[in-house]
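Structure first, commentary second.
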Amino acid sequence: MQPTIIGVRFTKIGKVYHFDGTSLGQVETGDQVLVDTTRGRHLGEVVQVFPDVPPRPDGGWKRVERRATPRDLLLQQSWQTRQTEAMINCRARAAELGLKGIKIVAAEYNYDGSRLTLLFNTASDEKPDLKSLRKDMQAQYPASQVDMRQIGPRDVAKILGGMGACGLETRCCSQFLTDFSPISIKMAKEQGISLTPTEITGMCGRLRCCLIYEYEQYVEARKQLPKRNKRVITPRGEGKVLDVQPMTNKVVVLLDGEEDKHLVSTFDRDEIQPWDELEALRRKSEAPCDRHEGGGCTCGRTRQS
C-alpha cells in the first residue's frame, strides 16, 4: 500500500513541509493536523495532497500524529494571544542586559504552549551570545521550553509586513512568497533596470525579490534579438543597434548618416537582418566555385581560374 503524502504549512505564508498522512485515512486540503517536528509538536494546515508518491527523502517522511480537535484549535488561539507580551518582555530584558545590535522580532508559541521560540535579528553577521537572555526568559516562562532563533532580514520583513517599495499595500514576502530565491545584480542588468540602490533594494535592505519574476522571460527574449553595437540592415538602411526592448521584441537603431542628428529609429525584430550574416553570404556568393565546369554547375558563381 502506497503512503499518502501531504504538504503541511504552519503559518499563513510559510514553507510547505511534507509528511506521511496515511494514518489519517481520507484527507483533504484545509484539514488541521498535529505533527511532531524538530522544533516540537505543532499544529498545521494541509495545503497539498500528492496524487502520486514523490521521491522519498533521506530518512523518510515523518508521520502525522492525528487530526486537530476543536480543543486543540482553541488552545492554539489562546497561546497566540500571549505572543506579543512575551516579545515585549524579551525586548525589555535584552535592553536591561545591554545587548547591542539585537532586535527581538517576534515570539511564537506552539499550539499547546509547551515551547516558546523568540525570533531575533542582528545588525552584524556574527552570531551573538544570548545564553544569559535565554536563561532569564526561561526563568520567566518556566512552563515552556524557551528557544532563541536567529532569522535573516528577508524573514524580518516577511513577519513585519507593511507596504512595499513599489507601492503595493502588502509586500510580496508577506503576501505570497513561501520561500526566498537567490537574487543577483545580473538579473537587474538583464532587464535594463537602473542599478541605483534605491531602485533595486527592498525594505529589507536586500535586492528586491521581484527581480527574479521576469528574469527568465528577458533572457529568452534577448536570445532572439541582436546585441548592442551590432550592425544591422533595416528597411531604411544600415545602422548600429543602440538598445533592445525584449518584452516588445523591438530594436532601437541609429541609422548611418543620422549620427549628427542623434536620431534613432525603432524596428520590429522581423524587420531587421544581421549585417554580418548578410555580408558573409555576399562574400560566399562572390567567391569563385572550384567545382564549376562549363554548364555543369548551377551555383551561379564564377569559374575558378
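The values are calculated or read from the model by the stated rules, or taken from the named source; none is laboratory data. This structure is a prediction, so every number in the text was calculated from the model and none was measured. Because the Cβ atoms are built from the backbone with ideal geometry, glycine has one as well, and the counts that use them run over all protein chains shown.
Couple of notes before you dig in:
- Residue match in region 140-152 (condition: closer than 22 Å to L207 by Cβ and either in contact with a Pro (Cβ under 9 Å, 6 or more places away or on another chain) or surrounded by 15 or more Cβ atoms within 10 Å (Cβ to Cβ) (or both)): yes
- Close pairs (6 angstrom Cβ cut-off, 6 or more residues apart or separate chains): closer than 24 Å to Y213 by Cβ in region 244-257, assigned to a helix (DSSP H, G or I) anywhere: P246/Y218; P246/A221; P246/R222; N249/R269
- Some residue of region 64-71 being under 31 Å from the mean Cα position of the chain (by Cα) and β-branched (V, I, T): yes
- Residue ID - surrounded by the fewest Cβ atoms within 10 Å (Cβ to Cβ), chosen from residues in region 97-120 that are assigned to a loop (DSSP other than H, G, I, E, B) and of a type in the set (A, V, I, L, M, F, W, C): L97
- Any hit, region 156-172, residues being out of contact with any helix residue (DSSP H, G or I) (no Cβ under 7 Å at 6 or more places or on another chain), modelled with pLDDT under 90 and not in a loop (DSSP other than H, G, I, E, B): yes
- N89 vs. criteria under 26 Å from the mean Cα position of the chain (by Cα), closer than 30 Å to R206 by Cα and polar (S, T, N, Q): no
- Residues located in region 26-42, provided they are surrounded by fewer than 17 Cβ atoms within 10 Å (Cβ to Cβ) and within 19 Å of P70 (Cα to Cα): Q26, E28, T29, G30, D36, R41
- Among the candidates V244, V219, residue that is in a helix (DSSP H, G or I), under 30 Å from A165 (Cβ atoms) and in contact with a helix residue (DSSP H, G or I) (Cβ under 9 Å, 6 or more places away or on another chain): V219
- Failed item in (1) polar (S, T, N, Q); (2) in contact with a Pro (Cβ under 7 Å, 6 or more places away or on another chain); (3) in the same structural domain as H18 (by TED's automatic domain parsing), with N121 passing the rest: (3)
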